[in-house]
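Report on the structure given below.
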Amino acid sequence: MANKKLKVAAGHYHLFHRVAPTVANAKGYFAKEGLEVEISATGTDLKSLQALIEDEIDIVIDLKTPVALQARDRGEEVFLIGGFLNTYPGIFVGAKEIRSVTDLKGKKVGLREPNGVALTMSSMILKKAGMEPDGDVIFIPHTGASSFRSIAPKLDRGEIQARIAHKAYANDFKRAGYPILADLEEYLPNGYQLRAIAVKGSFLERNRETVVGFLAGLIQGYRFMKNPENHPEMMAIIKASDLEFEQDMDQGMWEEEYPLIPGIPANGSINVAGLQVILDEEKIARRISPAMTVDRILRSEYAQEALRKVERP
């Protein structure tokens, strides 16, 4: 029987978002499930959502959860079947003269892109400190990668006074005298379902076995990435693929474990508590209706079945 062909896409242009399926292709995890998987990037979450709705792609591998929740709330048949980033291992670091979050009033806070995770997380921290993100600070987008090597010089030059960075660099910042203003894993002890795998309901109904097979292959890709011993081979797979490092990427971030890999779920599942956190935020912001619930969008049984398949003796 011929392999089932799947079109999957990432919404984000960052290379990291496509590594797991690229690894799964290269290692034969998808082929073992009888799948041929074509991997692309639409460029934005909204483009991914539209392509999914219009059946131009079969699966979105990294849909931002607020985008998915809003779509489901307004009646689109979009469902979340697995996790991608189930938490954000990050810190909020300040310039050396900054001593607390409230010291940032009137100051500049760096972002990587205008509407990315750094904006979400920075705003959360500012609000908890009693500040208004839209008026008390000035957000500066396009300030490079979230590494020590990228951020520290900008803090020193006064281009920004704070920024979200990857937690992997916390000790580097501390040793150099930069204050850690917040640890996001302490702010979010139950995790934070930033991005997830999304599928259209009608596709799920027609292709259960295919979806489970895809998730089984992806879970193996996740686990391969999360094993530090596999890092050299993972880098060889990336370099042999059509993936390209972004122009604003600090390629040194890939010399060892990429700092966001700990946020990938080894079991491929959604972090339900972390999804509920975002759902509650969206309700407070009145971007979704009070009637919206996690049960209306979550289809956890597919990842559970895939996990059993992967772990079957």
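The values are calculated or read from the model by the stated rules, or taken from the named source; none is laboratory data. Bear in mind that the values here come from a model prediction, so they are computed numbers and not experimental data. Cβ sites come from the backbone with ideal geometry, for glycine too, and all protein chains shown count toward neighbours. Just the protein is used for accessible areas: all its heavy atoms, side chains included, with ligands, DNA and RNA removed. Shrake-Rupley method; radii C 1.70, N 1.55, O 1.52, S 1.80 Å.
The strands (runs of 3 or more DSSP E) located wholly in region 1-110 that include 2 or more residues which are in contact (Cβ under 8 Å) with a residue 60 or more places away in the chain and surrounded by 18 or more Cβ atoms within 10 Å (Cβ to Cβ) occupy 4-10, 35-41, 59-64, 78-85, 90-94. When region 1-48 is limited to residues that are more than 17 Å from ALA240 (Cα to Cα) and polar (S, T, N, Q), the one that is modelled with the lowest pLDDT turns out to be ASN3. The residues in region 277-290 that are in contact (Cβ under 8 Å) with a residue 60 or more places away in the chain and open to solvent by 70 Å² or more (accessible area, probe 1.4 Å) can be counted, and the count is 1.
For beta carbons closer than 6 Å, sequence separation of 6+ or different chains, a first residue in region 189-206 that is outside any strand (DSSP E or B) and a second that is of a type in the set (Phe, Trp, Tyr) and modelled with pLDDT of 95 or more, the qualifying pairs are GLY201/PHE79.
To keep it simple, each residue is scored yes or no on (1) modelled with pLDDT of 95 or more; (2) touching a Pro at 6+ places or on another chain (Cβ under 8 Å).
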site: LYS226; (1), (2): yes, yes
site: PRO232; (1), (2): yes, no
site: ALA236; (1), (2): yes, no
site: LYS239; (1), (2): no, no
site: ASP242; (1), (2): no, no
site: MET249; (1), (2): no, no
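If the condition is being touching a strand residue (DSSP E or B) at 6+ places or on another chain (Cβ under 9 Å), surrounded by fewer than 20 Cβ atoms within 10 Å (Cβ to Cβ) and farther than 18 Å from GLU186 by Cα, then region 125-141 contributes PRO133, ILE138, PHE139, ILE140, PRO141.
I'd like to know if region 237-256 contains one or more residues that are surrounded by 16 or more Cβ atoms within 10 Å (Cβ to Cβ), basic (Lys, Arg) and part of a helix (DSSP H, G or I). Within region 237-256, not a single residue is surrounded by 16 or more Cβ atoms within 10 Å (Cβ to Cβ), basic (Lys, Arg) and part of a helix (DSSP H, G or I).
Yes/no matrix, rows are residues, columns are (1) in contact (Cβ under 8 Å) with a residue 60 or more places away in the chain; (2) aromatic (Phe, Trp, Tyr):
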{"site": "PRO133", "(1), (2)": "no, no"}
{"site": "GLY144", "(1), (2)": "yes, no"}
{"site": "ARG149", "(1), (2)": "yes, no"}
{"site": "PRO153", "(1), (2)": "no, no"}
{"site": "TYR178", "(1), (2)": "yes, yes"}
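Against the list (1) surrounded by fewer than 19 Cβ atoms within 10 Å (Cβ to Cβ); (2) under 24 Å from GLU281 (Cβ atoms), the condition ALA162 fails is (1). Kindly check whether there is at least one residue in region 150-158 that is surrounded by 14 or more Cβ atoms within 10 Å (Cβ to Cβ) and touching a helix residue (DSSP H, G or I) at 6+ places or on another chain (Cβ under 6 Å). The answer is no; no qualifying residue exists. The single condition from (1) open to solvent by 10 Å² or more (accessible area, probe 1.4 Å); (2) touching a Ser or Thr at 6+ places or on another chain (Cβ under 9 Å); (3) at positive phi; (4) not aromatic (Phe, Trp, Tyr) that ALA168 fails is (3). Filtered by the rule that a residue be of a type in the set (D, E, K, R) and farther than 30 Å from SER269 by Cβ, region 63-106 gives LYS96, GLU97, ARG99, ASP103, LYS105.
Just checking, does region 249-261 include any residue being aliphatic (A, V, I, L, M) and under 30 Å from GLY34 (Cα atoms)? Yes: region 249-261 contains one or more residues that are aliphatic (A, V, I, L, M) and under 30 Å from GLY34 (Cα atoms).
Of everything listed in (1) out of contact with any strand residue (DSSP E or B) (no Cβ under 7 Å at 6 or more places or on another chain); (2) over 22 Å from ALA170 (Cβ atoms), the single unmet condition for ASP156 is (2).
Screening region 258-275 for residues that are open to solvent by 40 Å² or more (accessible area, probe 1.4 Å) and in contact with a helix residue (DSSP H, G or I) (Cβ under 6 Å, 6 or more places away or on another chain) and picking the one that is nearest to HIS14 (Cα to Cα) gives ALA266.
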